[in-house]
Amino acid sequence: MAILAALGFFIAGGSGLLALLSLGGAFSDRLDVLTHFSPFYMVGGAAGLVLGLVSRPTAGWRETVFMSAIAVLAPAAAMTPDLAAAVFAKHVAPMRQTVKIVQFNVWSENRDPARTARWIERERPDIIVMEEAMGDGALVPEAIAADYPYQTQCQPRPTCTTIILSRVAPRASGAFPSPDFDPLHSGAWARFGQGSDAFTVVGTHLTWPFPPGEQRLQAQNLADHLAGLDKSSLILAGDFNSTPWSFTLRRLDRSLGLVRRTHALFSWPARTYGYRHRLESPIPLLPIDHVYAGAEWKTVSAERGPRLGSDHFPIVVVLTR
């Protein structure tokens, strides 16, 4: 019992402390890095709670239960809005104009580009926003070029690897310059349709949450780029490397003037490990791929695709207006 009590206190104490520190992400980029891992603190808190209850009345079991409660409740407060949005999301039937978007970081070390390409061709999306189209990942847009001949790339190439692919030619297209020349900080845009059917698609790829502060600055730069565009018909998709409960993404949600259509769609990791890549990541742990859209669009569906050759799962969103 003493060993269980000590283990429970260690797990609960560590999880509770990290959960409390993560709340400091509201004012500190360094602490906001901790916020992304909120699900892990909840698991640690639950494990600590079980061990604490099993080991009672050993000395310290009440403290273990208290820290377990903190480890569960603090992340739950941060995660609940996004989880509730997923549960109560309002989906509609397709209307006059419907667009199917695939958001997919195909990964520079893609294990099966051919299978990835076949899945995309079966899905037949109207628009694909693709990141890390480099290395083995570059084989994917090459394989589907016959069906998706129009490929708007960010700049400068080859370090910038975000692409918007479409079946029809965009009326206009371009790229957002990266002020820090970070290949993960990239953006491209393409405008489609005429008159009331016109809309703009933006693809982006933000850097990781660390080093602290860089992601927040890139998110603000993205919001600045979008400020001059018509938000009502805009569609934004990308690998944001940021969870919905992080303070960075919550600030971005408020500043974009768009509605995020992806909620609790856990998309990373999806990679395989070991000899001949037979060992898979059991479940995706973090939702970091997102799709936003302006007020004119209604959501028909938002789903996670299958495990393919990437370290990300694809995201499939159907919008209508």
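The values are calculated or read from the model by the stated rules, or taken from the named source; none is laboratory data. All values derive from a computational prediction rather than experimental measurement. Glycine also receives a Cβ, built like all others from the backbone with ideal geometry; neighbour counts cover every protein chain displayed. Ligands, DNA and RNA are stripped out before the accessible areas are found, and what is left, the full protein with its side chains, is counted by its heavy atoms. Shrake-Rupley method; radii C 1.70, N 1.55, O 1.52, S 1.80 Å.
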State the percentage of accessible surface on segment 150-308 attributable to carbon and sulfur atoms; use a 1.4 Å probe and exclude ligands, DNA and RNA.
57
Among 284, 211, 177, which one shows the highest mean-square fluctuation when the chain is modelled as a Gaussian network with alpha-carbon springs under 10 Å?
211
Between residue 225 and residue 7, what's the calculated FRET efficiency when r is the beta-carbon distance and R0 is 45 Å? Round to 0.05.
0.35
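What FRET efficiency comes out for residue 296 versus residue 169 if R0 is 25 angstrom and r is the Cβ-Cβ distance? Round to the nearest 0.05. Display every interim value, and only then the final one.
Working: r = 22 Å, r/R0 = 0.89.
My answer for the efficiency is 0.65.
Note down, for segment 266-321, the three equivalent ellipsoid semi-axes (square root of 5 times each alpha carbon gyration tensor eigenvalue), biggest first, whole angstrom.
30, 9, 7
Roll a 1.4 Å probe over the protein chains and send me the accessible area per residue for segment 147-246 in Å². Before the final figure, lay out each step's value.
Numbers: 3910 Å² over 100 residues.
Result: 39 Å² of accessible area for each residue.
On the accessible surface of segment 9-105, probed at 1.4 Å, how many percent belong to carbon and sulfur atoms?
76
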Among 80, 243, 200, residue whose mean-square fluctuation peaks in a GNM of the chain (springs only between Cα atoms under 10 Å):
80
Can you give the helix-only mean residue ellipticity at 222 nm for the chain, where every DSSP H stretch with n ≥ 4 adds -39500 (n - 2.57) and the sum goes over all residues, rounded to the nearest 500 deg cm²/dmol?
-11500 deg cm²/dmol
Relative pair counts by distance (%), Cα atoms of segment 143-249, 5 Å bins:
2, 12, 22, 23, 19, 12, 7, 3, 0
Principal axes of the chain: Cα extent on each, largest first, Å:
71, 44, 42
What would the Debye formula give as log10 I(q)/I(0) at q = 0.15, 0.27, 0.29, 0.32 Å⁻¹ for the alpha-carbon point model of segment 50-101, no solvent?
-0.63, -0.97, -1.03, -1.11
Pop the C-beta distance of residue 77 and residue 142 into the FRET formula with R0 = 35 Å and round what comes out to the nearest 0.05.
0.15
At 0.36 nm per residue, and after removing the present C-alpha to C-alpha distance, how many nm does the segment from residue 254 to residue 86 gain when stretched out fully?
58.7 nm
Gyration tensor (Cα only) of segment 94-196 to equivalent ellipsoid, semi-axes in Å sorted down, yields 22, 19, 10
For the chain, built as a Gaussian network whose Cα springs stay under 10 Å, the top-fluctuating residue of 212, 57, 244
57
